[in-house]
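Okay, so here's the structure we're looking at.
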Amino acid sequence: VEGKPPDLQIVLSSRSDPNLPVARWRAHGQLSEVRAADLRLSHVEAASFLHSADVDLASEDVVRLTERTEGWAAGLSLASILLREEQDPHAFVLDFAGDSRHLLEYVSDDVLASVGEQMRFFLLRASVLDELSGAACDAVLETHGSAAMLAEIERANLFLVPVDRHGERYRFHQMFCDV
């Protein structure tokens, strides 16, 4: 990568941050990133997506579902599959949460299966907290090293949303926390 010709562009796609010098590339303007926040669908994009999936909802239901999924495309996709079978789409949207069987299967099979037992245990225990920080997790979970674990979870892109600019306080994605 370092010795590549100047006109060569490399595209790398990954769920987690790669073990590469991305900070240096970012600082030198050699890196363009598309992060989870950039991939969140707006209400308008969600409405278009749902319509293309043959799901027509009232605009207030689209807004509610988009807010519930926080614009997460996979969550909206799973909801659209279930909505096609629903007799009362409005009631479904009001009740849609992370306890949906399809959502549980996706998170279990595609996300949690790829992480180690120690991280899964930490995620489960920390999910009761509205806001996470190293100190808060250490205190509530009666452990130590939570700041490092949170940084690892963030690098793995496991539904951890920063709530400050310093990377010290987080919250879980609403749907992930429900799961």
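The values are calculated or read from the model by the stated rules, or taken from the named source; none is laboratory data. These figures come from a predicted structure and were not determined experimentally. Every residue, glycine among them, receives a Cβ derived from its backbone with ideal geometry; neighbour counts consider all protein chains shown. The area values use the complete protein model at the heavy-atom level, side chains included, leaving out ligands, DNA and RNA. Shrake-Rupley method; radii C 1.70, N 1.55, O 1.52, S 1.80 Å.
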message: Looking for something over 30 Å from ALA47 (Cα atoms), without any contact (Cβ under 8 Å) to a residue 24 or more places away in the chain, exposed (fewer than 14 other Cβ atoms within 10 Å of the Cβ) and of a type in the set (A, V, I, L, M, F, W, C) - is there at least one such residue anywhere in segment 113-120?
response: yes
Failed item, numbered, when LEU160 is tested on (1) farther than 25 Å from LEU20 by Cα; (2) modelled with pLDDT under 90: (1)
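Looking only at residues that are of a type in the set (A, V, I, L, M, F, W, C) and touching a Phe, Trp or Tyr at 6+ places or on another chain (Cβ under 8 Å) in segment 72-89, which one is nearest to LEU103 (Cα to Cα)?
Result: LEU78.
With respect to SER59, determine if the residue is among the small types (Gly, Ala, Ser), over 23 Å from the mean Cα position of the chain (by Cα) and open to solvent by 30 Å² or more (accessible area, probe 1.4 Å).
Yes.
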field: Which listed residue is outside any helix (DSSP H, G or I) and either at pLDDT 95 or above or not small (Gly, Ala, Ser) (or both), from ASP110, ASP130, ASP61
entry: ASP130
- prompt: When you go through (1) open to solvent by 70 Å² or more (accessible area, probe 1.4 Å); (2) in a loop (DSSP other than H, G, I, E, B); (3) in contact with a helix residue (DSSP H, G or I) (Cβ under 9 Å, 6 or more places away or on another chain) one by one for LEU158, which number turns out not to apply?
  reply: (1)
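Would you mention how many residues in segment 24-42 are in contact (Cβ under 8 Å) with a residue 24 or more places away in the chain and either over 17 Å from ARG155 (Cα atoms) or of a type in the set (Lys, Arg) (or both)?
Looking only at that region, the number is 3.
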